[in-house]
Amino acid sequence: MRAMVLKKPRTALVLEDLPDPRPGAGEIRVKVTACGVCRTDLHVVDGELPHPKSPIIPGHEIVGRIDALGPDVTGLALGMRVGIPWLGHTCGHCPYCLEGRENLCDQPLFTGYTRDGGFATQAIADARFAFALGENGRDQDLAPLLCAGLIGWRSFVMAGEGTNLGLYGFGAAAHIVAQVAQKRGRRIFAFTSPGDRAAQDFALSLGAVWAGGSDEKTPEPLDAAIIYAPVGPLVPLALAAVKKGGTVVCAGIHMSDIPSFRYDLLWEERRLVSVANLTRRDGREFLSLAAKSDIVTHTKAYPLERANEALTDLREGRLQGAAVLIPPSA
């Protein structure tokens with residue numbers, strides 16, 4: 001197979017020809033047809049997440065067809081189209097797993113971080129953590145749903161039922177969540193980097209009632225806010241924007257340091273919470289919802305060998321929506 005490999009953090013990915021992997025017990029091999037490029041991939045490549053597998057093949061928004069089954073796989077078949085998400089394996093016996101909170105497992109494996117991912121023509125996955133995707137929709141359009149969509153959905157649920165929802169950082173996750181939220185009667189207020197008119201216009205084109213810089217005030221107070229940008233100084237700004245009893249959700253796996261702030265920003269029962277990973281239940285709920293709705297993912301396709309270019313475009317804020325890698329055999 002061919003793969004874009006990270007030899008060590010803070011270096012460019014290298015295109016390599018590798019032996020075709022073989023699935024072990026309980027595993028499947030997938031012929032990758034599309035793999036989204038997520039900000040978490042950027043955190044792995046830029047060395048912002050500790051102790052990655054090394055070398056590692058990044059990528060955890062994988063869409064493909066099963067082309068090999070390991071022993072003891074049930075419920076899946078050759079040729080089936082599946083999605084492989086960030087959460088790649090859990091232990092099943094720690095207190096968190098036993099309580100139904102497998103997203104907090106003490107011994108997890110994460111696709112594209114602690115086990116090889118989908119920046120490749122083939123990928124191995126634990127069959128229990130693969131989602132059947134059916135046959136509707138293009139592979140390229142489905143790929144961002146596997147993390148931007150799933151983490152977006154979990155953060156949206158955690159934000160509560162309020163009407164006015166602020167989204168800080170209008171990228172891959174926010175542009176999906178905005179569509180989901182509006183279908184549930186929410187009003188979207190989009191915050192971008194100051195002066196980023198292109199991102200603000202993009203948000204307005206997707207139905208946001210207001211879009212402006214993160215340094216601006218909305219015309220109405222927010223019931224909740226979700227922070228997708230990995231920027232710690234946004235936390236006190238978001239707390240200041242939500243009304244009494246409001247919730248601020250930090251949705252990223254990594255964020256720069258949060259500066260100190262006045263207690264009155266948190267007082268009056270405002271809540272500050274984080275999202276950690278996802279559960280398979282999140283996946284089933286969201287993918288079922290997505291299959292029944294007309295959510296549109298805005299994507300830009302890159303050949304697999306241009307993964308470094310896609311990562312650079314994401315790092316420098318040049319994308320509207322999500323980047324997706326297309327392997328040469330797809």
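The values are calculated or read from the model by the stated rules, or taken from the named source; none is laboratory data. Here the structure is a predicted model, which is why all the values come from computation and not from measurement. Neighbour counts are summed over all protein chains in view; Cβ atoms, including those assigned to glycine, are modelled from backbone coordinates with ideal geometry.
Listed by first and then second residue, the pairs linking a residue in segment 68-96 that is free of Cβ contacts under 8 Å to residues at least 12 places away in the same chain to a residue that is among the charged types (D, E, K, R) and not in a loop (DSSP other than H, G, I, E, B), with Cβ atoms under 7 Å apart and 6 or more places separating them unless they lie on different chains, are TYR96/GLU102.
Suppose we filter segment 318-330 for residues that are within 19 Å of the chain's Cα centre (by Cα) and either surrounded by 15 or more Cβ atoms within 10 Å (Cβ to Cβ) or assigned by TED's automatic domain parsing to the domain that holds VAL177 (or both); how many remain? Full working, then the answer.
Narrowing segment 318-330 to residues within 19 Å of the chain's Cα centre (by Cα): 318-326.
Still in the list and also either surrounded by 15 or more Cβ atoms within 10 Å (Cβ to Cβ) or assigned by TED's automatic domain parsing to the domain that holds VAL177 (or both): 319-326.
Summing the residues that are within 19 Å of the chain's Cα centre (by Cα) and either surrounded by 15 or more Cβ atoms within 10 Å (Cβ to Cβ) or assigned by TED's automatic domain parsing to the domain that holds VAL177 (or both) in segment 318-330 gives 8.
For segment 209-237, the set of residues classified as in contact with a Leu (Cβ under 8 Å, 6 or more places away or on another chain) and either basic (Lys, Arg) or in contact (Cβ under 8 Å) with a residue 40 or more places away in the chain (or both) consists of ALA211, SER214, LEU222, ASP223, ALA224, ALA225, ILE226, ILE227, TYR228, listed by residue number. Looking across segment 116-135 at every residue that is of a type in the set (D, E, K, R) and more than 19 Å from ILE57 (Cβ to Cβ), the one that is modelled with the lowest pLDDT is identified as GLU135.
In this structure, is THR40 touching a Pro at 6+ places or on another chain (Cβ under 8 Å), on the phi < 0 side of the Ramachandran plot, crowded, with 16+ Cβ neighbours inside 10 Å and among the hydroxyl-bearing types (Ser, Thr, Tyr)? Write out each step before concluding.
Numbers: touching a Pro at 6+ places or on another chain (Cβ under 8 Å): no; on the phi < 0 side of the Ramachandran plot: yes; crowded, with 16+ Cβ neighbours inside 10 Å: yes; among the hydroxyl-bearing types (Ser, Thr, Tyr): yes.
So THR40 does not fit the description; no.
Where helices (runs of 4 or more DSSP H) fall entirely within segment 25-143, those with at least 1 residues that are of a type in the set (Val, Ile, Thr) are at 39-45. Residues to consider are ARG138, ARG187; find the one that is at pLDDT 95 or above, farther than 25 Å from MET255 by Cα and buried (at least 17 other Cβ atoms within 10 Å of the Cβ). The conditions single out ARG187. Does segment 152-164 contain at least one residue that is on the phi > 0 side of the Ramachandran plot, under 18 Å from the mean Cα position of the chain (by Cα) and of a type in the set (Gly, Ala, Ser)? For segment 152-164, residues on the phi > 0 side of the Ramachandran plot, under 18 Å from the mean Cα position of the chain (by Cα) and of a type in the set (Gly, Ala, Ser): absent.
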